[in-house]
Amino acid sequence: MKRLIVLAAAIGLVATGCAGRGAHVIAATPTGPSGGPSGTTNPSVVASATATATSSPVPSTTFEVWFTRSDHLFPIPWTVPRTLAVGHAALEALLGGPPSGDVANGLGTQVPPGTRLLGLSISGDVATVNLSGAFLSGGSAVSEYTRLGQVVCTISQFPTVKGVSIQLDGRPIEPFDIQGAALHRPWQRSDFDTLLPAIVVESPLVGTTVHSPVEISGTADVFEATVSLRILDAGGNEIASGFATATCGTGCRGTFHATLAYHVDHDEAGTVEAFEASAENGQPINVVDVPVTLRS
């Protein structure tokens, strides 16, 4: 099996060439298996594997699937009928790729088509993912490292998984860092921080119904570790604002958590927004919008 080349410089060039620091990301909205309602203008669309609607709700499970957008790793919520094999379902969703209709909206993947999940096991806090050999067929070193990150981020979202071992046709890949050096341990999500956007909002999930106060959490690498937050009503009016301080910032990624209280007279569509205030002029940059339903 070929050893990937040193990636630090290549990844740095990719990060520099990504969407500008002022990029405004509208997170995906839940849709059916076809990939989105007719006429949707959102730049990315959440895939949903929910069963056809019936007279009674179908119990479901929602998790993250990590695809790519603007050369970054990018998580979207994905819903399936309730299952105990949630890790297996998440990986199968990843390997299936984003719905074709979403590709035009900027959602992509570096996982080669035809890659199959041969097995998944968890021992202690390490998940072992066995993939078919097609997984590392073709593509640049950056592409290969990105697809490894897609797998690691997708399966490590679950609390029982702290490390990830990846196999090809049952043969282990020796984990390595972004510079190509052996890690001598399983991969962790933090090994792929360079490929993440400046702000990742992990809660609330897109399309969920929220109550006041709203808990907002995720990870960020922003100036002075300050993540600005606000809630907008259906008319785009600001109805709550605040900030969170990440556990690390300005060159390192940390976690953040905050609650915002709001008031609306009736249930309505709204947006939870996270962004970084520009150190140059205070204007919002790296904006992430999460469409939700605001419960009165």
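If the condition is being closer than 20 Å to Gln188 by Cβ, assigned to a loop (DSSP other than H, G, I, E, B) and among the hydroxyl-bearing types (Ser, Thr, Tyr), then the stretch 99-153 contributes no residue at all. In the stretch 194-235, the qualifying residues are those that are surrounded by fewer than 18 Cβ atoms within 10 Å (Cβ to Cβ) and among the charged types (D, E, K, R), and the one that is farthest from the chain's Cα centre (by Cα) is Glu224. Of all the criteria given as (1) in contact (Cβ under 8 Å) with a residue 24 or more places away in the chain; (2) surrounded by fewer than 16 Cβ atoms within 10 Å (Cβ to Cβ); (3) small (Gly, Ala, Ser); (4) in contact with a strand residue (DSSP E or B) (Cβ under 7 Å, 6 or more places away or on another chain), the one not satisfied by Ser241 is (1).
Being hydrophobic (A, V, I, L, M, F, W, C) and under 30 Å from Leu136 (Cβ atoms) holds for only one residue in Ala234, Ala244, Ala198, and it is Ala198.
Can we say Ala141 is at pLDDT below 95, of a type in the set (A, V, I, L, M, F, W, C), surrounded by fewer than 19 Cβ atoms within 10 Å (Cβ to Cβ) and more than 17 Å from the chain's Cα centre (by Cα)? It would help to see each step written out before you state the result.
Details: at pLDDT below 95: yes; of a type in the set (A, V, I, L, M, F, W, C): yes; surrounded by fewer than 19 Cβ atoms within 10 Å (Cβ to Cβ): yes; more than 17 Å from the chain's Cα centre (by Cα): yes.
So Ala141 passes the test.
Inside the stretch 253-295, residues that are of a type in the set (Asp, Glu) and surrounded by 15 or more Cβ atoms within 10 Å (Cβ to Cβ) make up a count of 3. As a summary of the residue check, Leu91 satisfies the conditions (1) in contact (Cβ under 8 Å) with a residue 24 or more places away in the chain; (2) in a loop (DSSP other than H, G, I, E, B) except for the one numbered (2). When the criteria are applied in full, Thr250 fails the requirement of being within 21 Å of the chain's Cα centre (by Cα), without any contact (Cβ under 8 Å) to a residue 24 or more places away in the chain and surrounded by fewer than 20 Cβ atoms within 10 Å (Cβ to Cβ).
Scanning the stretch 59-72 for residues being at pLDDT 85 or above and either more than 14 Å from Gly149 (Cα to Cα) or surrounded by fewer than 17 Cβ atoms within 10 Å (Cβ to Cβ) (or both) gives a total of 5. With respect to the conditions (1) under 27 Å from Pro284 (Cβ atoms); (2) modelled with pLDDT of 95 or more, Val200 falls short on a single one, namely (2).
The values are calculated or read from the model by the stated rules, or taken from the named source; none is laboratory data. Bear in mind the structure is a predicted one, so any value in this text is a computation, not a measurement. Because the Cβ atoms are built from the backbone with ideal geometry, glycine has one as well, and the counts that use them run over all protein chains shown.
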